[in-house]
Amino acid sequence: MVLRADYKTDLWVDWCPGCGDFGILAAIQKALSELKPKPWQVAIVSGIGCSGKTPHFIYSNGIHTLHGRSIPFATGIKLSNPDLMVIINGGDGDLLGIGAGHFVALGRRNLDITVIIHDNQVYGLTKGQASPTLQAGMKTKALPEPNIQDAINPIALALTSGYTFVARAFAMDIDHLEEVIKRAIQHKGATVIDVLQPCVTYNDIYTTQWYRKRIYRLEEEKGWNPIVERPEERYEKLGNALSKAWEWGERIPVGVFYEDRTKDTITDRIAQRIPSYYNKPPSRQAIERYGKPLLDDAKFREIFASYLVKVEK
Amino acid sequence: MDEKSSEMRILLGGPQGTGLETASQILAAAYAIGGYRVYSMREYFSNIKGRHSYIGLRVNPEKQPLAPIEGPHIVAGIDAETIFTHFTEAIQDTIIIYDTRVFKTKLRSIASMEKYFRDRVRETLEKSNYDTTVEGALRYASEELGAKSIGLDYQAILNDFSQEIGISKYQAQRYLNTILVATIANITGLSLDELKRGFKRRFGSKVEIIEDNMKLSAMVYKSTAGLKDKIKISTPHHSPDEYLVVNGNEVVAMGKIVGGLRFQSYYPITPASDESFMLETHENLENYVDKSGGIVVLQTEDEIAAISAAIGSALTGARSATATSGPGFDLMVEALGWAGINEVPVVITYYQRGGPSTGLPTRGGQQDLFSALFSSHGEFPRIVISSGDHEEAFYDAITAINWAEKYQTPVIHILDKFLANTTITLELPHLEKIAIERGDLLQAPPPNYKRFKKNGSPIAPRVVLGAENAVIWYAGDEHDEEGHIIEDPINRLEMHELRMKKLEIAHQEIPQEERAVLYGSGEDFLLVGWGSTKGVALEAIELLKREGYKGAYLHLRVFEPFPKEYVAKILSRYKPEKIIAVESNYESMAAKVITMNTGFIFKKHILKWTGRPIYVKELSLATLRILEGLSSREVLSYGA
């Protein structure tokens, strides 16, 4: 098979010209070009909406799933083949609205998956309804009336759900986004990148220019160190990250809010119970011998001994 | 049409949380060790502690019972509610064991009893001029039905016991169920040694518990000495050397383990979760089987996640499944369609309970056939298998994963609560007869591999996600050969047809007489059913032989692809008015599926939707009424 250094497919990318998704796609492809996984070692998983099409444009395995369900699909993929590099692309509505329960659950599991939230505050493909990250009182172009529901804070939700790497980036700042994506992929555990992006067609408030005026990088802040090297630092760093999470308006931080390098993942916990897990995960096990089960009658008796009753005549 | 019994039937009742299940396990084990075949069904409320639950045991020296039957030989109650709930089920010579301290208890004081049931009990007693007390109920059972009552002072026995072994009266309450166990054991002729085998079986290495239970049992044997051997059946002559003692959940888990399942995701729901627990208990398969790794069992945040994770896992090549019941399945159907369009081999084990909505969450039914067959929008192939007993359930669990991989499509394996929660003695399966069929699964992709290749068999060669040198796309949208989104009309025409054609291939390949099985050859009538109707139908046919009617039973095993030619052929042998659909639903769903597939319209139905299983005698009587032209549709309602 052909290897493609740029991880691009030949398909025409059918997003609106100027869409923030282009920046996210480019940043993922650049990150992959530097990390150089084989295309079959990567699984790009997505939900529904404009961002859902991302896997088709990346030359690696792509699984375009159901609205809101990219996380559980990816969970099954990763648990059965932990060697795959699994990256989720989902919209803000997909991951934080219809799929919010799964978003929280992934944090609890700290499974080694990277979640990229395409956060543009609107539902694009259904023509501009408010997404769960749109602040109350805002009236983006397509809304008949201002939004009357409060916004979710993706950073705060991720932090309190247990994600061990939580970051924010801006889709139009591709180099920075690429760096964050690389760090997220290399982090062992559940990672979230909330990517702020314009929707050129439906969001006339949070435009590229609006963001450019406000965004600043956390890593340039004096004394900012989000990395947990020892478990006892966890709550202090979480507290710092949470305070930063609420900063919005005139100044909007991007960069890494929190990175806990001390917490084990759910696959580590599985491996504690099933010692062969990493060597023989579900996807890489023999289950038959010449078309017959691995178990024979004797093994069956041994395994299910507690269900066996010997008749004493 | 009562018959002289050659078996023992025992009903054990009491509040949930008082160890009834343990009691039945001890007795079942003791009888099974003695070579008897045991059947033990369980009815319970959606409640943790306090509401009435009961267990129906059948013990047979020769034949495996597979259905509940009316007329217990023993009714043993922990409390007054058991007596009030079951005294009308007594027959001639039934022995009712009760606690003398509840003898004067009034019906109206039983707070845990549901009002409608209590009202019906009151009417029954008052109509025949009996007091609405336990005493009145026992007198009714004795005078109207011919039962005998045996009162024991449970607390006095426990007091003596607590003094003997030096525990508090409060601690002794945990042994209440042992009083019933020992009384029943003594009445049915088990020696103390034989009973001890049951305790050992249940408590294993916990020697102290076994000894304490034996002390209490000896005391009970002494105080019930006059009852020894009151009911005794012949010793078994043809029992195998060993049995499995398993319920439906357990036997499916065993099938999945043998069948190579390596991933199961689930969300807790009655009556399905126990299967996942059993898989998790056996996750360390590597300890037993060379080459094998473990089984990953994941409790998810909801059923949508459960099926989605199972599908994701299946893409990587691991045999994957989820297990659920109606409400959970409802949440899964969107993802079911995704598995359909993406040709994913995933298995959904579907334990039916009483619906709709939460319905009767701990009771049974067969109301979800349409749901299993028709749920999820759009058209896609699915295979639907239904198990009628534990043995079928074991093999079907394996067949389900085989067919899922062979035909690259989701498989729904339907069972029901009656099977899930019924424990039986089962002869060991023969594993050498089992095949593991993975279908057209390639270890490595050929050059220019395309997952959904069009110009070949409708079942395109499958390469798993993560296989070296293979890049694969999957999408919920209609896709091209590579898996990319495409809305082209001609591609749609071809892809859709290729997917649907897989069912035709399955229809040609799987023998029809395995998808519908005819039992018996009686020409007078034909019962038609599915799932746990099998056991009760076969026994009813036996019973009806004595009334001079020779019948047969057509058992539906696979609803998709439906064995239409074979079923039509069998049906054509009988006059339409002699063909009776027997189902635990209102609509007679299976009959309608047969109509859809064969054009045959059923004229006769026997239906039950109380959430309780169909009993042998009520089915026999209903069949008789239909055969004698008295009725076309019989609705059954036996059972508390």
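Remarks
- Hits in region A:229-247 (condition: in contact (Cβ under 8 Å) with a residue 60 or more places away in the chain and in a loop (DSSP other than H, G, I, E, B)): A:Trp246
- Selection from region B:289-324 of residues that are within 8 Å of chain A (Cβ to nearest Cβ), within 15 Å of B:Glu343 (Cα to Cα) and not in a helix (DSSP H, G or I): B:Thr316, B:Gly317, B:Ala318, B:Arg319, B:Ser320
- Within region B:441-450, if we keep just the residues that are surrounded by 15 or more Cβ atoms within 10 Å (Cβ to Cβ) and free of Cβ contacts under 8 Å to residues at least 60 places away in the same chain, the residue that is farthest from B:Asn469 (Cα to Cα) turns out to be B:Lys450.
- On inspection, B:Asn186 passes the criterion of being at pLDDT 95 or above, farther than 18 Å from B:Arg101 by Cβ, polar (S, T, N, Q) and crowded, with 17+ Cβ neighbours inside 10 Å.
- Qualifying residue in region A:192-212 (condition: among the charged types (D, E, K, R), crowded, with 19+ Cβ neighbours inside 10 Å and assigned to a helix (DSSP H, G or I)): no
- Helices (runs of 4 or more DSSP H) contained in region B:488-593 and holding at least 3 residues at pLDDT 95 or above and surrounded by 17 or more Cβ atoms within 10 Å (Cβ to Cβ): B:489-509, B:533-545, B:564-572
- Lone qualifier among B:Leu57, B:Leu145 - being in contact (Cβ under 8 Å) with a residue 24 or more places away in the chain, surrounded by fewer than 18 Cβ atoms within 10 Å (Cβ to Cβ) and in the same structural domain as B:Gly14 (by TED's automatic domain parsing): B:Leu145
- Among the conditions (1) closer than 26 Å to B:Glu379 by Cβ; (2) assigned to a helix (DSSP H, G or I); (3) within 11 Å of chain A (Cβ to nearest Cβ), B:Glu286 misses just one, which is (1).
- Test: residue in region B:274-296 that is surrounded by fewer than 24 Cβ atoms within 10 Å (Cβ to Cβ), under 22 Å from B:Glu250 (Cβ atoms), in contact (Cβ under 8 Å) with a residue 60 or more places away in the chain and in the same structural domain as B:Asp396 (by TED's automatic domain parsing): yes
- In region A:46-74, the residues that are under 24 Å from B:Leu331 (Cα atoms) and at the interface with another protein chain (Cβ under 9 Å from one of its Cβ atoms) form Cβ pairs under 8 Å with partners that are of a type in the set (Phe, Trp, Tyr) and in a helix (DSSP H, G or I), at six or more places apart or across chains, as follows: A:Ile63/A:Phe73; A:Thr65/A:Phe73; A:Thr65/B:Trp338; A:Leu66/A:Phe73; A:Leu66/B:Trp338; A:Ile71/A:Phe103.
- Filter pass, A:Thr114 being more than 12 Å from chain B (Cβ to nearest Cβ) and among the polar types (S, T, N, Q): yes
- Any hit, region A:264-274, residues being assigned to a loop (DSSP other than H, G, I, E, B), surrounded by 19 or more Cβ atoms within 10 Å (Cβ to Cβ), in contact with a Lys or Arg (Cβ under 7 Å, 6 or more places away or on another chain) and modelled with pLDDT of 95 or more: yes
- Scanning region B:363-380 for residues that are crowded, with 21+ Cβ neighbours inside 10 Å and assigned to a loop (DSSP other than H, G, I, E, B) yields B:Arg363, B:Gly364, B:Gly365, B:Gln366, B:Gln367, B:Asp368, B:Phe380.
- Restricting attention to region B:394-442, the residues that are part of a helix (DSSP H, G or I) and within 14 Å of chain A (Cβ to nearest Cβ) add up to 13.
- Within region B:227-272, tally of residues that are touching a residue at least 60 places away in the same chain (Cβ under 8 Å), assigned to a loop (DSSP other than H, G, I, E, B) and more than 10 Å from chain A (Cβ to nearest Cβ): 9
- Residues of region A:280-313 classified as facing chain B (nearest Cβ under 7 Å), polar (S, T, N, Q) and either at positive phi or surrounded by fewer than 15 Cβ atoms within 10 Å (Cβ to Cβ) (or both), total: 0
- Annotation: of all residues in region B:297-329 being of a type in the set (Val, Ile, Thr) and over 22 Å from B:Leu442 (Cβ atoms), the one that is surrounded by the most Cβ atoms within 10 Å (Cβ to Cβ) is B:Ile307.
- Tabulated pairs, region B:464-480, first more than 7 Å from chain A (Cβ to nearest Cβ), second surrounded by fewer than 20 Cβ atoms within 10 Å (Cβ to Cβ) and of a type in the set (Lys, Arg), C-beta under 6 angstrom, 6+ apart or interchain: B:Glu478/B:Arg492
- Under the condition of being assigned to a loop (DSSP other than H, G, I, E, B), touching a Pro at 6+ places or on another chain (Cβ under 9 Å) and closer than 30 Å to A:Pro231 by Cα, the residues counted in region A:122-173 number 1.
- In region B:603-640, the residues that are in contact (Cβ under 8 Å) with a residue 40 or more places away in the chain, in contact with a Lys or Arg (Cβ under 8 Å, 6 or more places away or on another chain) and over 27 Å from B:Leu360 (Cα atoms): B:Ile626, B:Leu627
Results for (1) among the β-branched types (Val, Ile, Thr); (2) modelled with pLDDT under 95; (3) over 17 Å from the mean Cα position of the chain (by Cα); (4) surrounded by fewer than 24 Cβ atoms within 10 Å (Cβ to Cβ), shown as yes or no for each residue.
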| residue | (1), (2), (3), (4) |
| --- | --- |
| A:Val2 | yes, yes, yes, yes |
| A:Trp15 | no, no, yes, yes |
| A:Phe22 | no, no, yes, yes |
| A:Lys30 | no, no, yes, yes |
| A:Thr54 | yes, no, no, no |
| A:Gly68 | no, no, no, no |
| A:Phe73 | no, no, no, no |
| A:Gly76 | no, no, no, no |
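- Residue match in region B:344-358 (condition: out of contact with any strand residue (DSSP E or B) (no Cβ under 7 Å at 6 or more places or on another chain) and within 18 Å of A:Ser70 (Cβ to Cβ)): yes
The values are calculated or read from the model by the stated rules, or taken from the named source; none is laboratory data. Just so it is clear, the model here is predicted, and its values are computed rather than measured. Glycine gets a Cβ as well: all are built from the backbone with ideal geometry, and neighbour counts include every protein chain shown.
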